[in-house]
1. With the radius of gyration and the Kirkwood radius both derived from the Cα set of the stretch 97-234, what is their ratio Rg to Rh?
2. If each residue of separation counts as 0.36 nm, what is the full-extension length gain between Leu12 and Thr79 once their alpha-carbon separation is subtracted?
3. Relative to a virtual label point 7 Å from the Cα of Arg409 in the Cα→beta-carbon direction, which members of the stretch 1-45 show backbone nitrogen distances below 15 Å?
4. Does the stretch 267-390 come out rounded, prolate or oblate, given a ≥ b ≥ c as the square roots of the eigenvalues of its C-alpha gyration tensor, rounded meaning a/c under 1.5 and, failing that, prolate meaning a/b above b/c?
5. Excluding the sites themselves, what is the longest stretch of the chain that contains no GluC sites (Glu not before Pro) in a DSSP loop with at most 10 other C-beta atoms within 10 Å?
6. Quickly work out the Ile150-to-Lys128 label distance, labels modelled 7 Å from Cα along the C-beta direction, and quote it in nm with one decimal.
7. Quick one: putting +1 on the C-beta of Lys and Arg, -1 on the C-beta of Asp and Glu, what dipole do you get for the chain around its Cα centre, in Debye to the nearest 20?
8. How far apart, in nanometres, would the label points at Lys43 and Ile29 be if each is projected 7 angstrom from Cα along the Cα-to-Cβ direction?
Amino acid sequence: MHELIEKSKKNLWLPFTQMKDYDENPLIIESGNGIKVKDINGKEYYDGFSSVWLNVHGHRKKELDDAIKKQLGKIAHSTLLGMTNVPATELAEKLIEISPENLTRVFYSDSGAEAMEIALKMAFQYWKNIGKPEKQKFISMKNGYHGDTIGAVSVGSIELFHHVYGPLMFESFKAPIPYVYRSESGDPVQCRDECLHELERLLIENHGEIAALSIESMVQGASGMIVMPEGFLAGVRKLCTNYDVLLIVDEVATGFGRTGKMFACEHENVQPDLMAAGKGITGGYLPIAVTFATEDIYKAFYDDYENLKTFFHGHSYTGNQLGCAVAIENLRLFESEEIVEQVARKTERLHLLLQDLKSLPHVGDIRQLGFMCGAELVQSKETKLSYPAEQRIGYKVSLKMRELGMLTRPLGDVIAFLPPLASTTEELEEMVSIMKEAIEEVTSFVF
Ligand SMILES: *Cc1c(COP(=O)(O)O)cnc(C)c1O
């Protein structure tokens with residue numbers, strides 16, 4: 001056994017990983033180039049999940065590497081508490097330029113979960129600061145995911161996490177999300193309208209004590225790439241406005257071109273009050289995340305210090321220069337290489353490739369918005385019967401894909417496919433064919 005594998009098994013504890021699984025199937029990545037990564041034994045893999053939904057231009061993109069080196073020649077990090085730095089200031093201007101119009105302020109952090117925590121705390125304190133302290137609660141969506149810190153999990157609703165950490169959570173009202181494939185009618189419009197009605201009932205009864213509603217933008221990622229039907233997000237925006245509740249949109253996964261728009265809420269012309277983003281912001285290079293706010297919210301915190309309206313929140317590495325410098329270069333490449341337009345253009349081709357998977361006997365549903373895709377595996381297509389959880393069908397398929405030369409991470413029985421945004425048509429074809437082979441092989445073997 002490679003000596004590094006031994007060391008990894010001896011010393012490491014990996015995120016979101018049953019270490020018993022890791023010990024049985026260890027993997028150590030050593031390098032990357034373009035949309036492929038290579039392990040310490042020299043085996044190459046397509047990065048079929050963009051290293052957990054981050055990567056944009058592929059690995060070792062020269063311009064991004066150079067941006068970091070150039071910044072290193074000046075300074076690696078200084079704090080943003082009470083002062084700022086050059087790249088953080090320049091990046092903020094760029095971010096405001098590309099974000100929905102009403103968002104005018106940028107608050108940095110280091111991960112998507114933090115960006116969501118910050119949005120929640122801002123919403124909570126906003127009402128306090130403007131003299132409506134009774135608005136303290138949140139509405140969040142069933143099946144939602146906003147990260148793994150306690151506040152973010154509280155407004156999330158992945159059954160598994162709540163099962164384990166439930167007693168640590170603050171309560172939030174849960175509103176239904178249109179999961180068309182699993183809905184009774186199977187009709188997107190009916191499913192959407194039923195959900196909006198139920199949300200309105202919640203708001204009618206409780207809006208007086210509700211600070212904000214949090215929702216993933218257009219696609220619920222972690223719960224299985226559940227794409228919201230047309231008109232749903234716009235409907236939620238309208239209801240929030242009508243009932244005086246702030247709208248927090250989570251664009252951590254969907255932001256920065258992933259769905260074929262710079263931000264997914266643009267699909268519905270939605271302007272959120274607060275917006276969290278992260279993942280693709282640095283092209284997948286360094287941990288920078290951001291919470292956007294409206295000028296109205298910003299102003300509610302602006303006052304003489306003794307009135308205690310300050311936003312009391314910050315992290316050690318907030319606004320890190322290396323991260324901000326690479327983010328600026330990333331956004332420059334978005335323009336010069338027309339990344340968003342490219343994704344929009346290749347979406348149709350990818351759609352056709354994925355439709356081909358639908359002919360497989362155990363692929364129940366294919367969901368896609370841009371380069372954010374999921375294939376839901378079922379035991380029976382007729383009855384939509386799921387596999388028993390202990391079969392770990394998604395996990396088995398992902399191991400098979402690894403063997404065939406592609407990395408991804410399953411979401412239960414959903415095979416997630418989120419290729420780097422710069423993937424070429426040929427690369428997309430090869431990756432989908434690996435997916436197909438793995439699904440075919442594992443599902444025919446299991447039953
Ligand atoms: C990944 C993700 C997060 C959490 O981001 P981290 O950087 O992993 O903390 C939050 N919301 C959504 C929708 C995500 O996909």
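The numbers here are math on the coordinates, done by the rules we state, and not lab data. In this text, all values refer to a predicted model and were calculated from it rather than measured experimentally. Glycine also receives a Cβ, built like all others from the backbone with ideal geometry; neighbour counts cover every protein chain displayed.
1. Working: Rg = 15.6 Å, Rh = 16.1 Å.
Taking Rh as the inverse mean 1/r over Cα pairs, Rg/Rh reads 0.97.
2. Numbers: separation 67, 0.36 × 67 = 24.12 nm, distance 2.98 nm.
Separation in residues times 0.36 nm, less the Cα-Cα distance, equals 21.1 nm.
3. The answer is 13-19, 21-22, 27-29.
4. Details: a/c = 2.63, a/b = 1.88, b/c = 1.40.
Prolate is the answer for the stretch 267-390, as a/c is 1.5 or above and a/b outweighs b/c.
5. Values: sites that count: Glu101, Glu171, Glu184, Glu382.
It runs 185-381.
6. 1.5 nm
7. Numbers: 46 positive and 64 negative charges, 129 e Å.
With only Lys, Arg, Asp and Glu charged at Cβ, the dipole is about 620 debye.
8. With each label point 7 Å from Cα toward Cβ, the separation is 1.5 nm.
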